[in-house]
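Structure record follows, encoded as structure tokens.
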Amino acid sequence: MTLRIYNTLTRKKQDFVPIEKGRIGIYVCGITAYDRCHIGHARSAVVFDVIVRFLRSEGFDVTFVRNFTDIDDKIINRAREEGISTEELAEREIGHFYEDMDALGVLRADVEPRATEHMPEIVSLIERLIDRGFAYESGGDVYFSVRKFPDYGKLSGRDLEQLMAGARIMPGEKKEDPLDFALWKGAKPGEPSWDSPWGKGRPGWHIECSAMSMKYLGETFDIHGGGLDLAFPHHENEIAQSEAATGKQFVRYWVHNGFVTIKGEKMSKSLGNFITIKDILANFHPEALRLFLLSKHYRSPLDYSPESLKEATSALDRCYKAVFEAAQVASVPVKKQRPIPDEAREAADSIAALREQVVSAMRDDFNTAKALGHFFDGVRALNRIVEAAKKKPSALYKDVLDKSSKEILDVCQIFGILGEEPGQYIHKRNLAALESSGLSLAELESLIEERGKARREKDWNRADEIRNMLAEKGIVLQDTPQGTVWSADL
């Protein structure tokens, strides 16, 4: 199946054909470094992380560029509020970004440019626009003349008359038309500034992405991504200034992820209803957050709630538990070579076809929701093999369990989950469950010992009473030839 991508520019799914066979250039708009990242940032980061992982698994040589905006009005205002420099603020928040993304298992981009490190490229691009008649200098500022670019609005589907209805010139702006946008802002007292042919100043927000993406990926590249809120005006303006400067198509495929909402309302810092990644990870495993973020198609809205994270945690528990128990069963020496029943064979065959199913779903516009559905089917199939092997042990199960577990773990790499050693994950979850039960490890061991004594003395009522009491607290006991072992009810 050919890879198909929904292109915001054409408003339809299209067969993906890279500019250069086997190679893909991707640019994704990164953060404005003035505050902690919230779950909306996490969705964009995880979505494009999985897209890059998948494309590489398909054999493409991917060059992934994700920028940092490290100078703009928000950064200047926040730095002033805190009494620190813009450089100090941006460096701190970029550090926080890496902390969050590393915890989430988001791979670093191949190139991570910062606006302040690309002033020569930005100034040069603005000069090209002035020379070609698409931009003008006014009192130390430089503006892009929107009406001179006939295709303006082609990404967002807006026309100039629509835009004029809400357009106005703000105090201090020196533009000729309310629709025009700033490429360069003249220096104000106390603000960071850089030299330019129009005097000291700093770039407008939109121009940095055009300058940096074209530097690292060329004047036309394959995929540009970001959140849906960036489609207008940011990406619309990128198209206008880039194509006006080069006379070439800027980007072939535009990919936008949907909003994260809370009770149906878009999450954003401006609305004050955002939840930081740091706060979520204080209570939930990073891979549970990844599963939640991938549980809906990337273009669909995704409504956040603690209950959704709990469901994702339970799903993650089941995945780790299946792989862990498969390894445990496979490691037990068995001499008998009983034939493996048809149900277990069929389960193994379904797991062998898992990658093909996941890949097919991902080739259909990166449908992670459908791909994860196939993956969870694979996990359930692995559980069926494990249960069959426990019921009637056979030496023939070892190879089947090993191959099936490997297939599960290989497919996981596309989603960026099950990265922990399963035994360590289960151990940590067991300890967390024990802590939440209100029992100490010593108290639990004492109860297990008491139950063992009751069983030896055939006091079945007391033995069952202890087992049931622990079960109510989420602690499961299992009697084995080696003794009684406990685990969380995952």
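Farther than 20 Å from S193 by Cβ and surrounded by 22 or more Cβ atoms within 10 Å (Cβ to Cβ): is that true of I26 in this structure? Judged against the criteria, I26 is a match. Pairing residues of region 1-26 that are without any contact (Cβ under 8 Å) to a residue 24 or more places away in the chain with residues that are among the hydrophobic types (A, V, I, L, M, F, W, C), at Cβ distances under 8 Å and at least 6 apart in sequence or on separate chains, gives D15/L3.
Contact map, region 202-216: first residue farther than 12 Å from V123 by Cβ, second residue part of a loop (DSSP other than H, G, I, E, B) and of a type in the set (D, E, K, R), Cβ cut-off under 8 Å, separation 6 or more or different chains; pairs are W205/D72. The sole residue among E287, E265, E325 that is under 26 Å from L490 (Cβ atoms) and either out of contact with any Leu (no Cβ under 7 Å at 6 or more places or on another chain) or without any contact (Cβ under 8 Å) to a residue 12 or more places away in the chain (or both) is E325. Within region 308-360, being surrounded by fewer than 20 Cβ atoms within 10 Å (Cβ to Cβ), in a helix (DSSP H, G or I) and among the charged types (D, E, K, R) holds for K310, E311, D317, R318, D342, E343, R345, E346, D349, R355, E356.
One residue stands out among those in region 51-73 that are surrounded by 22 or more Cβ atoms within 10 Å (Cβ to Cβ) and in contact (Cβ under 8 Å) with a residue 60 or more places away in the chain: the one that is farthest from the chain's Cα centre (by Cα), which is I71. The residues listed here are S314, S305, S394; of these, the one that is under 28 Å from E265 (Cβ atoms) and over 18 Å from the mean Cα position of the chain (by Cα) is S314.
On the stretch given as region 315-337, residues that are modelled with pLDDT of 95 or more and polar (S, T, N, Q) total 0.
How many of the residues in region 411-428 are outside any loop (DSSP other than H, G, I, E, B), closer than 20 Å to R53 by Cβ and not β-branched (V, I, T)? Residues flagged as outside any loop (DSSP other than H, G, I, E, B), closer than 20 Å to R53 by Cβ and not β-branched (V, I, T) within region 411-428 amount to 3. Only residues that are in a helix (DSSP H, G or I) and among the hydrophobic types (A, V, I, L, M, F, W, C) were counted across region 273-294, and they come to 9.
Inside region 52-69, residues that are over 25 Å from V411 (Cβ atoms) and either of a type in the set (F, W, Y) or assigned to a helix (DSSP H, G or I) (or both) make up a count of 1.
Only one of these is hydrophobic (A, V, I, L, M, F, W, C), outside any helix (DSSP H, G or I), farther than 22 Å from N383 by Cβ and not assigned by TED's automatic domain parsing to the domain that holds S57: L447, L439. Name it. When all the criteria are applied, what remains is L439. Just give me the residues in region 78-110 being of a type in the set (V, I, T) and either in contact (Cβ under 8 Å) with a residue 12 or more places away in the chain or part of a helix (DSSP H, G or I) (or both), in sequence order. Answer for region 78-110, where residues must be of a type in the set (V, I, T) and either in contact (Cβ under 8 Å) with a residue 12 or more places away in the chain or part of a helix (DSSP H, G or I) (or both): T86, I94, V106. Each residue in region 361-408 was checked for being more than 27 Å from S300 (Cα to Cα) and assigned to a helix (DSSP H, G or I), and 22 pass.
Within region 6-31, being in contact with a helix residue (DSSP H, G or I) (Cβ under 8 Å, 6 or more places away or on another chain) and polar (S, T, N, Q) holds for one residue alone: T8.
Quick check on my filter: what residues within region 92-120 are within 26 Å of D180 (Cβ to Cβ) and surrounded by fewer than 17 Cβ atoms within 10 Å (Cβ to Cβ)? The one that is within 26 Å of D180 (Cβ to Cβ) and surrounded by fewer than 17 Cβ atoms within 10 Å (Cβ to Cβ): P120. Looking across V476, V400, V411, one residue alone is in the same structural domain as H374 (by TED's automatic domain parsing), over 21 Å from L291 (Cβ atoms), in contact (Cβ under 8 Å) with a residue 12 or more places away in the chain and surrounded by 14 or more Cβ atoms within 10 Å (Cβ to Cβ). It is V400.
Regarding region 203-224, can at least one residue be identified that is part of a loop (DSSP other than H, G, I, E, B) and farther than 21 Å from V111 by Cα? Yes, region 203-224 contains a residue that is part of a loop (DSSP other than H, G, I, E, B) and farther than 21 Å from V111 by Cα. For F232, the conditions (1) touching a strand residue (DSSP E or B) at 6+ places or on another chain (Cβ under 9 Å); (2) in the same structural domain as I51 (by TED's automatic domain parsing); (3) farther than 16 Å from A135 by Cβ are fulfilled apart from (1).
The values are calculated or read from the model by the stated rules, or taken from the named source; none is laboratory data. Everything numeric here is computed off the predicted structure, so don't read it as measured data. Note that we place each Cβ from the backbone using ideal geometry, even for glycine, and neighbour counts take in every protein chain shown.
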